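Below is one structure, written out as C-alpha cells; comments come after it.
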Amino acid sequence: MKKLLIVCSFLLLAQVSFGQKKEKLFNGKDLTGWIVYGTEKWYVENGLIVSESGPDKGYGYLGTEKHYKNFEINLEFKQEADGNSGVFIRSTVVGTKVSGWQVEVAPPGNDTGGIYESYGRGWLIKPDPEKDKALKYGDWNKMKIVVKGDRVTSYVNGVQMVDYTDEKIGKGEGGILLQIHDGGGIKVYWRNITLKAL
C-alpha cells in the first residue's frame with residue numbers, strides 16, 4: 001500500500017510538472033514557428049527579434065503558427081525610436097487586419113500594459129498613470145501576461161498594470177502576435193519569449 005501511494009504521488013507530481021512546462025516561442029536563431037503579416041520588417045539579429053517599420057509605414061504583425069487559449073507568457077522588449085507596439089492574445093490576422101486584444105507596448109505616457117480591442121471596442125482598460133514609472137524606455141523591460149478564461153492580467157517589470165475580466169475575451173480563439181504600429185519610424189527588440197500553458 002505504501003509503495004502504491006509513493007508511485008501515485010510520483011505520477012501526480014510528474015503530471016503537474018509536465019503541465020507547467022515552459023515552451024520557448026523564439027529559438028534565438030530564426031523565425032521558425034512564426035508568420036509575418038504585412039510588409040514591415042521582422043528579422044533576427046544577435047539572438048534578438050527585431051521589428052522595424054518598412055517603406056509602407058503600415059501595420060505589421062509577427063504571429064505564432066499555433067493558437068493558445070489559457071497561458072502565461074513572459075518576454076522582454078526594448079524600444080527605440082517611436083516604439084509603438086504590442087502583444088496580441090487569442091488573435092487572428094487577415095492581410096494586416098487583426099481581430100483580437102492587444103496588451104499595449106508604447107513610449108512613456110501611452111498606457112503600456114493596458115488592453116485594447118482592435119477594430120472593436122477600442123480601449124478596454126488603461127493602467128493607472130503612476131504605474132507608467134515601471135517602464136524603462138530605451139532599456140530592456142520584462143512583460144508578463146496571464147490569460148485564463150475571461151481574465152487577463154499584465155505586468156511590466158514586476159508591477160501589475162491591469163487585471164481585467166471580459167466575457168468576449170474569454171470566448172476568443174487565436175494566436176499570439178507581436179505588432180508594429182503604422183506611421184513609420186518604429187523599432188522594437190524582443191527576446192526570451194516563453195509560454196506556459198495553464
Practice item. With a 1.4 Å probe and every protein chain left in place, work out the accessible area per residue of region 83-144 in Å², rounded to a whole number. Key: 44
Revision key, fill the gap. In whole percent, the fraction of accessible protein surface over the chain that belongs to carbon or sulfur atoms, probe radius 1.4 Å, stands at 53
Point to revise | CD proxy at 222 nm, helix term only [per DSSP H run n ≥ 4: -39500 (n - 2.57); per residue of the chain; nearest 500] | key: -3500 deg cm²/dmol
Point to revise | At 0.890 mPa s and 25 °C, Stokes D of the chain from Kirkwood alpha-carbon radius, µm² per second | key: 141
Review point. Among K24/K144; K97/K196; K24/K69; K66/K196; K22/K168; K24/K133, which pairs are too far apart, with a Cα-Cα distance over 24 Å?
Key: K97/K196; K22/K168; K24/K133
Review point. What residue among Y68, Y119, Y59 shows peak mean-square fluctuation when the chain is described by a Gaussian network model with Cα springs under 10 Å?
Key: Y119
Practice item. Among DSSP beta bridges whose residues both lie in the chain, state the antiparallel percentage, nearest 5. Key: 100
**Study point:** 3J(HN,Hα) from dihedral phi, region 131-146, Karplus parametrisation 6.51/-1.76/1.60, rounded to Hz, x for glycine, proline
**Key:** 6, 4, 5, 5, 6, 10, 5, x, 10, 6, 10, 9, 10, 10, 10, 10
Check your understanding: Under a point-charge model restricted to the Cβ atoms of Lys and Arg (+1) and Asp and Glu (-1), what is the dipole moment magnitude of region 105-158 relative to its Cα centre, in debye to the nearest 20?
Key -> 200
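The values are calculated or read from the model by the stated rules, or taken from the named source; none is laboratory data. Predicted model only: the values in this text are computed from it and were never measured. When we count neighbours, we look across all protein chains shown, and the Cβ atoms used for this are built from the backbone with ideal geometry, even at glycine. Heads up: the accessible areas ignore ligands, DNA and RNA and are worked out on the full protein's heavy atoms, side chains in. Shrake-Rupley method; radii C 1.70, N 1.55, O 1.52, S 1.80 Å.
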